[in-house]
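Contents: one structure, followed by commentary.
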Amino acid sequence: MSDLRELYQEVIMDHNRSPRNYGSLEDANRTAEGFNPLCGDQLQVYLYVNNDAIIEEVRFEGKGCAISTASASIMTETLRGRSAEDAERYFQAFCALATGDGETFDQNLDLGKLEVLNGVREYPARVKCATLAWHTLRAALRGDKTPVKTE
Amino acid sequence: MGVPTSVSSSAAPGLDLDAIRNDFPVLHQQVHGHPLVYLDNGASAQKPEAVIQMIADYYCKDHANVHRGVHTLSQRATDRYEGVRGKVRDFIHAESTNEIVYVRGTTEAINLVASSYGQAFVGPEDEVLVTEMEHHSNIVPWQLLCERTNATLKVVPFDDRGELILDRYRDILNERTRIVAITQVSNALGTINPVRDMIAMAHDAGAVVLVDGAQAVPHMSVDVTALDCDFYAFSGHKLYGPTGIGVLYGRESLLDAMPPWQGGGEMIMQVRFDGTEYNELPYKFEAGTPDIAGVVGLGAAIDYVAGLGLDLIDEHEQQLLAYATARAAEQSGMRVIGTASDKAAILSFELDGIHPHDVGTVLDHEGIAVRTGHHCAMPVMEHFGVPATVRASFGLYNTHAEIDRLFGAIDKAQELFGQ
Ligand SMILES: Cc1ncc(COP(=O)(O)O)c(C=O)c1O
């Protein structure tokens, strides 16, 4: 059980129980849908990006496991107020963290709370749960119309 | 939380579980430091030594291509390949080996019928009928057929216990219904459908019936003649046999009337550029070099299961199901999905406040293999308003003690998630 706690850290449990920035965003100007066909998880990401390419608002909505819900929730906290360019750097860094791929890791970036999700690298079947929100965010920033799939 | 009820924990008389478990090498291993409990039989069952050895034996001694040579090995391979066809015929009580077509699995069997029979006998005004509880492999081939032919796909709903609503079935059947495609046992719910009555009703309406037997053959004895079905499909790998091999049973008169599906070697009598003459049944539907080793392994699996006796297997699994169901009823925060009165050994459930995926990870940590997800039956998930369920599906080698392990792990998941 003790090593399960490394995956399901208290911060993750907390964000799963009470996800931050949950719900739709009426004046969103970027949205995308993400879908994990393996487990049926589904998620929407809503963004309001201003003229200076700053993410002023970011919210999410959907059904998912503790890992995907917590990941989405922490992502929204991390990205609010950051530039779209920063978001891309965080995307790269987070994917490297989740897959345990140290090579592409950006040392200058403080991942903060996102670090609690590093336990998923021990669970290959769960990595996609952690990265679904991030892939969906990226699709929203790029204006992709087709839903994101994690397979 | 779950206190075991006074359900007997002894195996059915006649089924020696210790001996049976010794027949399955894969069961004897640790996963995450715990002895493996394999409860994902609905997805694919494990293989007894007899199957594994039979395949090795075939490759060590007798392999050659079938129906192709006068040499000794080719004859031996052909004998083994055709010998199994007779076993399959007897196993499902078909009348003739002409009615037994080897395919890759249930999915391919259904696609064969949808393509060949469907293309020849289904037209624009016609209807094809499936149920709301079908596996995607018994939905999508019919959707493709309907797209090609402009026929209409109709769906028989089920109620909240997971039983088909037969009055609705009766209403939907009509003289335009060409094909009814139903599963005998639902992989997501465990429901055993009254296919015999449903087949009779379909025949009264003039339709032919395909039964998806993927989840039925491992659990109960099947008699296609008594069922009077027109097509029956199943997969070897769910019957303790190899992957990559399955069977399509088809009524001889129908198979005769159907055009070939794939073209190639084996399925021809004479090839000329001004017209090719097709081979007789069942070879007309077996183009190309088949999975000979798979067939040989399937034969060993049938021998194994028939040797234990499907009645005893069924009795044992029903005891497991009853025990698991009773424990589930006592477990707080657990909802069983699929509560039909007639069920095969499948327990689909969800736990309050814990996503099935997380349950799956916790159970895996305890060495317990279950399936989590939509079980290739998304319409079933939609009916119950859940994205996914956890599914424990029992096989002939599972024990009451393993069900105790399952519930012990469920306790741990609930504890971890504070439920
Ligand atoms: C009811 C049912 N039908 C069809 C299938 C498809 O079987 P296969 O993947 O072996 O072709 C399955 C297997 O998951 C099943 O459970």
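The values are calculated or read from the model by the stated rules, or taken from the named source; none is laboratory data. Everything quoted here is computed from the prediction, not taken from an experiment. So basically every Cβ, Gly included, is an ideal-geometry build from the backbone, and we count neighbours across all protein chains shown. Side chains are part of the model used for accessible areas, which takes the heavy atoms of the whole protein and leaves out ligands, DNA and RNA. Shrake-Rupley method; radii C 1.70, N 1.55, O 1.52, S 1.80 Å.
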Tell me, what are the semi-axes, in whole angstrom and largest first, of the equivalent ellipsoid of the range B:275-389 as set by the roots of 5 times the Cα gyration tensor eigenvalues?
-> 38, 21, 15
For the range B:112-220, which GluC sites (Glu not before Pro) are in a loop by DSSP, counting at most 11 other Cβ atoms within 10 Å?
-> B:Glu125, B:Glu175
Roughly what % of DSSP beta bridges within the protein assembly as shown run antiparallel, to the nearest 5?
-> 65
Rh (Kirkwood; distinct C-alpha pairs) - the range B:52-306, Å | 18.8
From highest to lowest solvent-accessible area (probe 1.4 Å; ligands, DNA and RNA excluded), B:Lys412, B:Lys238 read B:Lys412, B:Lys238
Other chains' Cβ within 10 Å of A:7-17 residues: what's the mean?
-> 2
Expressed as a whole number, the average count of other chain Cβ atoms within 10 Å around the Cβ atoms of A:32-42 is 4
Sorted on mean Cβ neighbours within 10 Å (highest first), peptides B:242-248, B:293-299 come out as B:293-299, B:242-248
Which whole number gives the average, over all residues in B:359-369, of C-beta atoms from other chains lying within 10 Å of the residue C-beta?
-> 3
Crossing angle, helix B:106-121 versus chain B [Cα axis fit, 0-90 degrees, rounded to tens] = 40
Mind grabbing the interface size between B and A? I mean buried accessible area, both sides, 1.4 Å probe, in Å² to the nearest hundred.
-> 1600
Relative contact order %, chain B, counting alpha carbon pairs below 8 Å whose residues are six or more apart = 24
Accessible surface, per residue, of the range B:52-306 when the full set of protein chains is kept, probe 1.4 Å, Å² = 39
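Helix-only mean residue ellipticity at 222 nm, chain B, DSSP H runs n ≥ 4 weighted -39,500 (n - 2.57), per residue, nearest 500. What is it?
For chain B, the value works out to -12000 deg cm²/dmol.
Calculated FRET efficiency, B:Ile52 and B:His93, Cβ-Cβ r, R0 30 Å, to nearest 0.05?
0.65
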The ³J(HN,Hα) series, computed from each phi in the range A:33-43 with the Karplus coefficients 6.51, -1.76 and 1.60 at θ = phi - 60°, rounded to the nearest Hz and given as x for glycine or proline, is 10, x, 8, 10, x, 5, 10, x, 6, 9, 7
Along the range B:22-38, Karplus-curve 3J(HN,Hα) (6.51, -1.76, 1.60; θ = phi - 60°) to the nearest Hz, with x for Gly and Pro, reads 5, 6, 10, x, 5, 5, 9, 8, 9, 10, 6, x, 10, x, 4, 10, 9
Amide H to amide H, which residues 5 or more places from B:Asp291 or on other chains are under 5 Å from it, using H placed in the peptide plane?
-> none
How about B:Lys343: which lysines have a C-alpha closer than 20 Å to its C-alpha, ignoring those fewer than 8 places off in the same chain?
-> B:Lys238
Built amide H within the under 5 Å cut-off of B:Thr399, gap 5+ = none
Taking only the alpha-carbon positions of the range A:2-143 as identical scatterers, the Debye log10 I(q)/I(0) at q = 0.11, 0.14 Å⁻¹ comes out as -0.36, -0.59
Interchain or long-range residues, amide H under 5 Å from B:Val103's placed H | B:Gly246, B:Val247, B:Leu248
Can you list the residues of the range A:104-150 whose accessible area drops by at least 30 Å² going from the chain on its own to the full set of protein chains, with a 1.4 Å probe?
-> A:Tyr123, A:Arg126
Expressed in nm², what is the orientationally averaged projection area of the convex hull enclosing the Cα positions of the protein assembly as shown?
-> 30.6
Computed, not fitted: 222 nm per-residue ellipticity of chain A from DSSP H runs ≥ 4 (each -39500 (n - 2.57)), nearest 500, equal to -12500 deg cm²/dmol
Diffing the range B:127-139: the Karplus 3J(HN,Hα) column from phi (6.51, -1.76, 1.60, θ = phi - 60°), in whole Hz with x for Gly and Pro, holds 10, 10, 10, 10, 10, 5, 9, 6, 5, 3, 6, 10, 10
